[in-house]
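Read through the structure below, which is laid out as structure tokens, and then see the notes.
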Amino acid sequence: MIRKLTWMVAIVGLACSTAWAQEPRVEVSGTAGWIFSDGVSGGTFLAPDGNAYNRIDPKDSFAWGLRLGIMTSETMEVGFLFNQQMSTLELGGTRTRDIGDEKIYNYHGYFAYNFGDEHSQVRPYVLGGAGATQFGGVNFTDVLGQSRSIGGHTKFSTTWGLGVKVFPGRNAGIRLEARWTPTYIKSDAAGWWCDPYWGCYLVGNAQYANQIELNGGITLRF
């Protein structure tokens, strides 16, 4: 009985030491930071407050995010990231006027390339991904005192970033990152283009809402 118990302890100990010896393949991160945002321009309209407006933008604001990454090789990583910006929608023109609070959500799958080997304490990386940006609805009171709302909408977007992960220990580290997320909103007619083969057609000037994020956070490896 003692011999069997000794063998069981030895096997469990060997299994635990083998699992511990394996290199971590899963990374979970939580981040917080600041996003510099812009929106789009449009036709000028005269509001009841006597001002002319021709832009609508989310304001620069705080954001937080969560991320799950899986190392498929020593350098390649695939994963998914979620981000939420706590912003305020504003009109721009002859004056700037806040409309109401707005939350902006980002959902992106991504690929990342990590420089250096898997034992390095400092690992710079570049990242690219695609997914969707969701602009939340806004409830507000207009200049005439009427309650109004702007419905939310979701648009395709990409995200591009570079950063560095620093691991003082084996399983925990910090992440610092700069990331740009452009979201296509609309196209304005820019004129006609004529080609001897294809003929003439109307071309557009695409407008994007941009988010430039500076963030930092904690990364855990398993």
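The values are calculated or read from the model by the stated rules, or taken from the named source; none is laboratory data. Since the model is a prediction, treat every value here as computed from it, not as a measurement. All Cβ positions, glycine included, derive from the backbone under ideal geometry; neighbour counts span all protein chains shown.
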- Go through (1) surrounded by 15 or more Cβ atoms within 10 Å (Cβ to Cβ); (2) farther than 17 Å from residue 57 by Cβ; (3) modelled with pLDDT under 95 one by one and return the number of the condition residue 149 breaks. (1)
- Has the stretch 102-110 got at least one residue that is closer than 27 Å to residue 206 by Cα, surrounded by 17 or more Cβ atoms within 10 Å (Cβ to Cβ) and aliphatic (A, V, I, L, M)? yes
